[in-house]
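*Asks:* Dropping the structure in here first, questions after.
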Amino acid sequence: MSTAVCTRLNEIHIETIINDHDTFLFDCDGVLWCSPTVLPGAIELLNYLTTLGKRVLFVTNNSLKTQKGFAQWLNEIGYQAKPEQVICTAWITAQYLKSINFKGHCYCIGMQSMVEELGREGFHISDGVGPDPISPETDWIETSTIKFDDHINCVISAFDIHINYLKIVKAATYLSRPDVLFLATNDDVTTPQNDIAVLPGEGTILASIVAASGRSPTILGKPRAPMFDSIRLAFPDVKSTRTLMVGDRLETDILFGNRQGLTTLLVFSGATSEKKLDTVKQAVDKNTAEKELLPKFCIKDVNHLLQLLLSRQKILSK
Amino acid sequence: MSTNEVCVGLTEIHSKSLLNNNDTFLFDCDGVLWNFPEIFPGAIELLNYLTEQGKQLFFVTNNSTKTQDDYAKRFSDIGYKAKPEQIICTAWLTAQHLKSINFKGQCYVIGMQSMAHELEKEGFQICGGIGPDPLASDANAMKTDTLKLDKNVDCVISALDLHISYIKILKAATYLNRPNVLFLATNDDASLPQSDEIVMPGAGAVLASVAAASCRAPTILGKPHAAMFDAIRLAFPDVDPKRTVMIGDRVETDIAFGNRQGATTLLVFSGATSEKNLNNLKQNVEKKTAEQDNLPNFCVKDVGQFLQFLQSTEKK
């Protein structure tokens, strides 16, 4: 296998892409859509690969939706997805707890999706989801008035737009007790950007809990292994050497794919521009960045991949 | 006084030496003088004793939730007549720092009312960040089209904020993404001193989220960084670090601060650091896995004990 990196994907590679890969993993934000806009060719590509008999899975660090929620969204935009095709962090958190035979109660800083996915596997979130308000006039917190649950033995950090000081107090206090597990869905510091504002990601919430508690979590999402472990558990016939990972972020999607031995394809439609890739490539050459951040292939966007596949189809049918 | 001595258990003789060889005494407050509202036995008496001996006293605290006036009043209420200028607190320090760099412009300040008070006292304008800025309780997504962002923000300041929220972190990170926006932090203590089992996040926990979201590193003003001592020397040019004692309870802030400035450092075991913690630290320093700067010259049970040593030397 060639060890070349950052190769611009074109017609000469497309046979390999199609013939050597059975499973196609897609990151979503920045690859298939830039919320709320679905990117051109995205749905057509998913449908095309499906008609070719390829397994298509969606691999996202986004903890805001359940498997069902994501599948519903994909159905609405034209791709008939089954929930089990969605490998999202709310779901893998439940899978992880199941895999370690977890018993007990969770304090989860996160959204309703976490409650639903954990609930599906019988795990109980006692507190942490939704607002936990502090009085607007407060200039001090009387700790004796805070209600703590004595049965919490796991703290989970996920994306939470209702994060506040009181939740960090609770999370850090639970984490100071012996034998309390600490999990995080992911540590992306920003969510996909828009032009108006920098949108803090789960990583920023996690950073405050880590600082306050002095503890490090087990992080489940890309680029870490639990995501692929969940895929292999759910789809035992998936072979890493015959899997392609399509993503837009080097430090999550591409690093994840490379570490798992997958073929990696970077698209420039999301978080990473050609210029940024070049900068990272130079850093790798100087040994100041990890080689595994570099994708095997890169392409402008999924539409270009689709066009290459359709051109190939035309040639084959002549 | 040998600066090579570390972790020496304070005795009467050392105490007499400290008194004779030093003109200025710097005190951290939480864990040293009090665990508010509990004032440690001998604390106020020690402050008054040193003042009577003609010593110059300063209170050097990373706590950004009170003003110089707030602290002066607290001291006065508990029996020590402190002047506001003796209080070196981070809300005041932030204003001094902005003054020293001739700052012009508006600040977005994640912090409590004390920050607004000290900054506005020096004529600095705050365009937001103080107090609650929450999302609707039924919100399940962040909608940026209704967001109100100020066009003219030149500085983002991160301090302890009980009203920290997602929107505030978003605003701070967005402002910090613009060119030429200064990024300051009062301090980065991870947690507040607590007597019970509850962990209270410090300014460092708030800062961690703003730094992560913005991918920027701030200029940190509080201990152990130098800005605090610079502010003292600016206001009181005759303060000589070689004739200064720093008394504190946290090695990575108080003691590191004192040592780096060339002062003599005295650790008390009445707050964040136990004797066991100090022994572990000493071993780690020997194994070169921790900084030498964090080791105090002297250590003592508490300020009450220090006072007793001083008073018994006097009797002799």
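*Asks:* Need one value for A:166-175: mean number of C-beta atoms belonging to other chains within 10 Å of its residues' C-beta atoms.
*Replies:* 4
*Asks:* While we're looking at this one, here's another question. Where does helix A:165-175 land angle-wise versus the long Cα axis of chain A, in degrees 0 to 90, nearest 10?
*Replies:* 90
*Asks:* Determine the shape class of chain B: with a ≥ b ≥ c the square roots of the Cα gyration tensor eigenvalues, call it rounded for a/c under 1.5, and otherwise prolate if a/b is greater than b/c, oblate otherwise.
*Replies:* Prolate, because a/c is 1.5 or more and a/b exceeds b/c.
*Asks:* My understanding is that a pair violates if its Cα-Cα distance is over 23 Å; which of A:LYS147/B:LYS223; A:LYS167/B:LYS223; A:LYS68/B:LYS148; A:LYS275/A:LYS300 do that in this structure?
*Replies:* A:LYS147/B:LYS223; A:LYS167/B:LYS223; A:LYS68/B:LYS148
*Asks:* Which of rounded, prolate, oblate describes the protein assembly as shown, given a ≥ b ≥ c as roots of the alpha-carbon gyration tensor eigenvalues and a/c under 1.5 marking rounded, otherwise prolate only if a/b is larger than b/c?
*Replies:* Judged from the Cα gyration tensor, the protein assembly as shown comes out prolate (a/c at least 1.5, a/b above b/c).
*Asks:* Another question, if that's okay. Say each of A:LYS300 and B:GLU286 gets a label point 7 Å from the Cα, pointing the same way as Cα to Cβ; how far apart are those two points in nm?
*Replies:* 6.7
*Asks:* Divide by every residue of chain B the summed helix terms, -39500 (n - 2.57) for each DSSP H run of at least 4, and state the resulting mean residue ellipticity at 222 nm, rounded to the nearest 500 deg cm²/dmol.
*Replies:* Calculated at 222 nm, the ellipticity per residue is -10500 deg cm²/dmol.
*Asks:* What is the magnitude of the charge dipole of the stretch A:103-218 about its Cα centre, with +1 placed on the Cβ of each Lys and Arg, -1 on the Cβ of each Asp and Glu, and no other charges, expressed in debye to the nearest 20?
*Replies:* Once rounded to the nearest 20, the dipole reads 320 debye.
*Asks:* What spacing in nm lies between the two simple spin-label points modelled at B:ASN102 and B:ASP196, each 7 Å away from Cα in the Cβ direction?
*Replies:* With each label point 7 Å from Cα toward Cβ, the separation is 5.1 nm.
*Asks:* Tally up the carbon and sulfur contribution to the accessible surface of the protein assembly as shown as a whole percent, 1.4 Å probe, everything protein left in place.
*Replies:* Carbon with sulfur: 50 percent of the solvent-accessible area.
*Asks:* Same structure again: Name the residue, out of A:THR138, A:THR50, A:THR252, whose mean-square fluctuation peaks in a Gaussian network model built on chain A with Cα pairs under 10 Å.
*Replies:* Of the options given, A:THR138 has the highest mean-square fluctuation.
*Asks:* Under 16 Å from the 7 Å Cα→Cβ point of B:ALA139, by amide nitrogen: which residues of the stretch A:110-140?
*Replies:* Only A:110-112, A:130-134, A:136 fall inside the zone, counting backbone N under 16 Å.
*Asks:* Show me, for the stretch B:272-289, the HN-Hα J-couplings you get by feeding each phi into the Karplus relation (A = 6.51, B = -1.76, C = 1.60, θ = phi - 60°), rounded to Hz, glycine and proline as x.
*Replies:* Karplus-based 3J(HN,Hα) across the stretch B:272-289 equals 6, 10, 9, 4, 5, 4, 5, 4, 4, 4, 4, 5, 5, 5, 5, 7, 6, 9 Hz.
*Asks:* Hey, another quick one. Run lengths n ≥ 4 of DSSP H only: what is the helix-derived mean residue ellipticity at 222 nm for chain A, with -39500 (n - 2.57) per run over all residues, to the nearest 500?
*Replies:* Estimated from H runs of four or more residues: -10500 deg cm²/dmol.
*Asks:* Right, another one. Using 14 Å as the cut-off for backbone N distance, which residues of the stretch A:258-301 belong to the label zone defined by a point 7 Å from the Cα of A:ASN10 along Cα→Cβ?
*Replies:* A:298-300
*Asks:* Could you give the length gained by full extension between B:ARG178 and B:GLU38, i.e. 0.36 nm per residue of separation minus their alpha carbon distance, to one decimal place?
*Replies:* Values: separation 140, 0.36 × 140 = 50.40 nm, distance 4.52 nm.
Result: 45.9 nm gained on full extension.
*Asks:* Same structure again: Under a point spin-label approximation (7 Å from Cα along Cα-to-Cβ), what is the B:LYS81-B:GLU5 distance to one decimal in nm?
*Replies:* Spacing of the two 7 Å Cα→Cβ label points: 3.5 nm.
*Asks:* Which lysines have a Cα less than 21 Å from the Cα of B:LYS287, not counting those fewer than 8 places away in the same chain?
*Replies:* Straight-distance partners of B:LYS287: B:LYS276.
*Asks:* Show me, for the stretch A:227-239, the HN-Hα J-couplings you get by feeding each phi into the Karplus relation (A = 6.51, B = -1.76, C = 1.60, θ = phi - 60°), rounded to Hz, glycine and proline as x.
*Replies:* Calculated HN-Hα couplings, in order: 5, 6, 4, 5, 5, 5, 5, 7, 10, x, 7, 5, 10 Hz.
*Asks:* Right, next: Determine the sum of side-chain charges near A:GLN72: Lys and Arg each +1, Asp and Glu each -1, restricted to other residues whose C-beta is under 14 angstrom from that of A:GLN72. Please list the in-between numbers first.
*Replies:* Values: positive: A:LYS65, A:LYS68, A:LYS82; negative: A:GLU76, A:GLU84, A:GLU116.
Taking every Cβ under 14 Å from that of A:GLN72, the sum is 0.
*Asks:* Further question on the same structure: What list of whole percents do you get for P(r) of the stretch A:1-131, with Cα-Cα distances grouped in 5 Å bins up to the one holding the largest distance?
*Replies:* 2, 9, 16, 19, 15, 13, 11, 7, 5, 2, 1
*Asks:* Taking the highest mean first, how do the peptides A:194-205, A:228-239, A:177-188 order by number of other beta carbon atoms within 10 angstrom per residue?
*Replies:* A:194-205, A:177-188, A:228-239
*Asks:* Kindly identify chain A as rounded, prolate or oblate by the Cα gyration tensor criterion: order the square roots of the eigenvalues as a ≥ b ≥ c, call it rounded if a/c is under 1.5, otherwise compare a/b with b/c, prolate if a/b is larger, else oblate. Let's see the in-between values first.
*Replies:* Details: a/c = 2.10, a/b = 1.85, b/c = 1.14.
Note, shape of chain A comes out prolate.
*Asks:* Averaged over its residues, how many other protein chain Cβ atoms are within 10 Å of peptide B:111-117's Cβ atoms?
*Replies:* Details: counts 0, 3, 1, 1, 0, 0, 0.
Taking all residues of B:111-117 together, the mean is 1.
*Asks:* Related question: Cα-Cα over 31 Å: which of B:LYS66/B:LYS288; B:LYS81/B:LYS242; B:LYS99/B:LYS301?
*Replies:* Those over the limit are B:LYS66/B:LYS288; B:LYS99/B:LYS301.
*Asks:* For peptide A:155-164, how many partner chain Cβ atoms fall within 10 Å of a residue's Cβ, on average?
*Replies:* Mean partner-chain Cβ count within 10 Å for A:155-164: 3.
*Asks:* What ranking do A:293-299, A:19-25, B:264-270, A:7-13 get when scored by the average of other Cβ atoms within 10 Å per residue, highest first?
*Replies:* On the way: A:293-299: 22.6, A:19-25: 18.6, B:264-270: 25.7, A:7-13: 13.0.
Listed from highest to lowest mean packing, they are B:264-270, A:293-299, A:19-25, A:7-13.
*Asks:* Then there is this: Based on the mean of other beta carbon atoms within 10 Å per residue, what is the order of A:65-73, B:17-25, most packed first?
*Replies:* Order by mean packing, descending: A:65-73, B:17-25.
*Asks:* Per residue, how much accessible area does the stretch B:97-220 show when a 1.4 Å probe rolls over the protein heavy atoms, in square angstrom? Walk me through the numbers before you get to the answer.
*Replies:* Numbers: 5190 Å² over 124 residues.
About 42 Å² of surface per residue is accessible.
*Asks:* Further question: For A:GLN72 and A:LYS239 in one chain, what is 0.36 nm times their gap in residues minus the Cα-Cα distance, to one decimal in nm?
*Replies:* Stretched fully, the A:GLN72-A:LYS239 segment lengthens by 57.4 nm.
The values are calculated or read from the model by the stated rules, or taken from the named source; none is laboratory data. Given the structure is predicted, the values throughout are model-derived calculations rather than measurements. Positions of Cβ are generated from backbone atoms using ideal geometry, with glycine treated the same way; all protein chains shown enter the neighbour counts. Ligands, DNA and RNA are stripped out before the accessible areas are found, and what is left, the full protein with its side chains, is counted by its heavy atoms. Shrake-Rupley method; radii C 1.70, N 1.55, O 1.52, S 1.80 Å.
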